[in-house]
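A short write-up of the structure that comes next.
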Amino acid sequence: MTLEMMFVLIILLTMFAAMVFEVARPDMVIFSVLVILMLSGILTAEEALSGFSNEGMLTIALLFIVAGVIQKSGLIHQMMEKWLQNSRSRRGSMMRFFVPTSAFSAFLNNTPIVVTLTPIIKKWCEDRGIAPSKFLIPLSYATILGGMITLMGTSTNLVIHGLLLDFGLEGFSLFTLAAVGIPVTLVGLIYLFSIGYKLLPDNKGFSQRLKEKPKEYIAEMKVTEAFGKPGKRVEQAGLRDLEGLYLIEIIRGKERISPVRSTTVIQIGDRLIFTGLISTIADLQKIKGLELETGTNIDLDDLRDGTINLVEAVVSDQSSLLSKSIKQSQFRSRYDAGVIAVHRNNERIKSKIGDIVLKPGDSLLLLTGTDFVEKYQRSNDFFVVSSLDTSAVLKLSTKKGWFSIIMLLGMIGTVTLGWLSMFKAMAVAVLVFLAARIITPQEAKKYVHFNVLLLIASSFGIGAAMRKTGLAEWIADVLLDVGKPLGLLIILFMIYFLTNLFTEMVSNSTAAVIMFPIGMEMAHTLHVDPMGIAVLIAIAASASFVTPIGYQTNLIVYGPGGYTFTDYVKAGLPLSLIVMVTSVLIIYQQWF
């Protein structure tokens, strides 16, 4: 091993550690590593930036826009709601829900699908007294499985496709992966319907828990004549930075003031609605002129007056809010929304709201204006998974919605027939959407997850460094020394296992880019079809079922389902093993 190889290996191990321990956002960690490799002279500027012009990465950017247009139409939302109306039994409902969901995921980005369908399935479960936790992890898993069927099903497939083209090889066709993806999806769904859901916890929905214990979250104080500070602003009255409590609303006659700002004036007769650590309510009673309304009938339903919404949102793993307290992030002024409660691992965090340092997967209960969902449903900071007051915001007409879906199907047809590449087809679709004014350039920009693209594009440079220094070849030789005496089938299992381990630790695209050059070196040494190795790595990198951090959809349902880390291990590990065995055996028969 040369000094350059040792340097790159140390950098990679440091990168893995930084991502596992959440030192910074994954895209920033990987981009920092790319800059270090460029400054050290291992990569030229051209080599470091090669990922930013890769066809697979650019196709992903276009797919974000196409998926955003479909999601904006709300047609899938409406169709799934109608489809579920006749569902009765739990197992029958799961089949009715997850089979079409997997089919949708083969042709649409699965992240917006999970964001769109999470509130639908939660409401359906809560209306029938079923624990949403029995359905939300399977929702994520079903979309991951469906994404393995086609080239456009997940970003990982497109990343591998782009790498194949960079290597001078023929990329994936639209249905290259279907030979593995369809059987794996069927086997995976059978597992979820028969065994998987039994292994999941029976957690009640977030809104159900709140309604059962409203006094734990909401308390009401009345301002009397003895208050002594009429006409003073909230901050001057000492009601701004209270230990463990947060003033979320002022009820003044028929008027409701929310969110409450520091400049809001307190008046005699106001009813103040507090939330936070209600165990510290005694501190409020020390303030002269504030009376605790012990017989209050204020609960979540009373906050629905048409101008105020209660919204649940999940903190993204790409969020700029990470590693900051809610107060430091200036959440209230930034989003014009108040944080009522933060839940982590199905438990309300016992801390002052403003002092809570947010982590990926935290579930936030927000008091917002009516336009919050519309403004922030595509924010990279968090996924808006439910609004307790309003139905989904449908901004497109039905005609435009159907036109968008027909356009997508038409482009899929051109790719299937070989008339256009995936990149060209998606470019045409986006151009038509812009020309027809179905979306504006500003909306198109909002749909693109630039931090995800930065992560993927930077990963290409790291893969290039592994190839250039010979590290990929060295790792391939080490693996072959171990696996050759055991046969090709065992070598395939080794490649799958390593790729899958990386995707659970960091991210699917990063795992794919790191393992791809190693896999290609092994294919060259063994004189076997590199396409089979590429398919193996694509499937293994997507099959993230064991941790909430390995795949974005797992993280989206983490908070709303009230899950713990071990819930993913219990339900996901058997599925991961089933998918591994099924995939490797099919790939071995099909390509080797």
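Between Leu49 and Arg334, what FRET efficiency comes out of the Förster formula 1/(1 + (r/R0)^6) with R0 = 41 Å and r the beta carbon distance, rounded to 0.05?
FRET efficiency, Arg334 to Leu49: 0.80.
What list of ³J(HN,Hα) couplings, whole Hz, do you get for the range 405-414 from phi and the Karplus terms 6.51, -1.76, 1.60, once you set θ to phi - 60° and write x for glycine and proline?
Result, rounded to whole Hz: 5, 5, 4, 4, 4, x, 5, 4, x, 5.
Put +1 on the Cβ of every Lys and Arg and -1 on every Asp and Glu Cβ in the chain; which of Leu242, Ser173, Ile462 then has its Cα farthest towards the positive end of the dipole?
Leu242
Mind ordering 175-184, 470-479 by average Cβ neighbours within 10 Å, highest first?
Top to bottom by mean Cβ count within 10 Å: 175-184, 470-479.
Could you state, as a whole-number percent, how many of the C-alpha pairs of the chain are farther apart than 46 Å? The partial results should precede the final answer.
Details: 34321 of 174936 pairs.
Beyond 46 Å sits 20 percent of the P(r) for the chain.
Kindly state, as a whole number, the per residue volume in cubic angstrom of the convex hull around the alpha carbon atoms of the range 58-193. Before the final figure, lay out the partial values.
Details: hull volume 12.8 nm³, N = 136.
Given the Cα convex hull of the range 58-193, per-residue volume reads 94 Å³.
Quick one: pull the percentage of alpha-carbon pairs in the range 530-591 with a separation above 14 Å.
Of all Cα-Cα distances in the range 530-591, 59 percent exceed 14 Å.
If one puts a single equal scatterer on every Cα of the range 133-172 and applies the Debye formula without solvent, what log₁₀ I(q)/I(0) results at q = 0.34 Å⁻¹?
Each listed q corresponds, in turn, to -1.01.
Any idea which of Gly92, Val35, Phe104 is furthest toward the positive side of the dipole for the range 29-131, if Lys and Arg beta-carbons carry +1 and Asp and Glu beta-carbons -1?
Ranked along the dipole, the leading option is Gly92.
Excluding ligands and nucleic acids, what accessible area in Å² is computed for Leu480 using a 1.4 Å probe, to the nearest 10?
10 Å²
May I ask you to order 572-580, 261-269, 18-26 by the average number of other C-beta atoms within 10 Å around their residues, highest value first?
Peptide ranking by packing, descending: 572-580, 18-26, 261-269.
Please give the contour-minus-distance gain from Ile190 to Lys327: 0.36 nm per residue of separation, less the Cα-Cα distance, rounded to one decimal in nm.
44.7 nm
Short version: ³J(HN,Hα) in whole Hz for each residue of the range 530-546, in order, from phi by Karplus 6.51 cos²θ - 1.76 cosθ + 1.60 (θ = phi - 60°), x for Gly and Pro, what are they?
x, 5, x, 5, 4, 5, 4, 5, 4, 5, 5, 6, 7, 7, 9, 10, 8
In degrees, nearest 10, range 0 to 90: what is the angle between the Cα axis of helix 155-166 and the longest Cα principal axis of the chain?
Computed tilt is about 30 degrees.
So how strong a dipole does the chain carry about its Cα centre when Lys and Arg Cβ are +1 and Asp and Glu Cβ are -1, to the nearest 20 debye?
Once rounded to the nearest 20, the dipole reads 1680 debye.
Can you compute the FRET efficiency between Phe592 and Asp371 using 1/(1 + (r/R0)^6), with r the Cβ-Cβ distance and R0 = 56 Å? Round to the nearest 0.05.
Step by step, r from the Cβ atoms, then E = 0.50.
Can you compute 3J(HN,Hα) from phi for each residue in the range 171-179, using the Karplus curve 6.51 cos²θ - 1.76 cosθ + 1.60 with θ = phi - 60°, rounded to whole Hz and x for Gly and Pro?
Taking θ as phi minus 60°, the curve returns x, 5, 7, 4, 10, 4, 7, 4, 4 Hz for the range 171-179.
How long is the gain from Arg437 to Phe450 if the chain were fully straight, where each residue apart is worth 0.36 nm and the alpha carbon distance is subtracted?
Separation in residues times 0.36 nm, less the Cα-Cα distance, equals 2.4 nm.
Under a 5 Å amide H to amide H cut-off, with H placed in plane at 1.01 Å, what residues pair with Ala341 once short-range neighbours are removed?
Residues meeting the amide H criterion: Leu365.
Using only helices, what value at 222 nm comes out for the chain when you add -39,500 (n - 2.57) per DSSP H run of length 4 or more and divide by the total residues, to the nearest 500 deg cm²/dmol?
-17500 deg cm²/dmol
Step through the table entries Lys123/Lys359; Lys82/Lys400; Lys424/Lys468; Lys424/Lys446; Lys122/Lys424; Lys123/Lys198, compare each Cα-Cα distance with 28 Å, and write down the pairs that go over it. Intermediate values should be presented prior to the final figure.
Working: Lys123/Lys359 25 Å; Lys82/Lys400 20 Å; Lys424/Lys468 30 Å; Lys424/Lys446 21 Å; Lys122/Lys424 38 Å; Lys123/Lys198 21 Å.
From the list (Lys123/Lys359; Lys82/Lys400; Lys424/Lys468; Lys424/Lys446; Lys122/Lys424; Lys123/Lys198), the Cα-Cα distance tops 28 Å for Lys424/Lys468; Lys122/Lys424.
So how exposed is Glu374, as accessible area in Å² (1.4 Å probe, rounded to 10)?
80 Å²
Please compute the contact order of the chain in relative form: average sequence separation of alpha-carbon pairs under 8 Å and at least six residues apart, divided by the residue count, as a percent. All intermediate terms of the calculation are to be shown ahead of the outcome.
Working: 1050 pairs, mean separation 124.4, N = 592.
This gives 21 percent for the chain.
Across the Cα atoms of the range 1-118, what radius of gyration and what greatest pairwise Cα-Cα distance (Dmax) are found, in Å?
According to the Cα coordinates of the range 1-118, Rg and Dmax are 21.4, 65 Å.
The values are calculated or read from the model by the stated rules, or taken from the named source; none is laboratory data. All figures in this text were calculated on a predicted structure; none of them were measured in a lab. For neighbour counting, all protein chains shown are included, and Cβ atoms are generated from backbone atoms with ideal geometry for every residue, glycine included. Areas reflect the complete protein model, heavy atoms only, side chains present, ligands, DNA and RNA absent. Shrake-Rupley method; radii C 1.70, N 1.55, O 1.52, S 1.80 Å.
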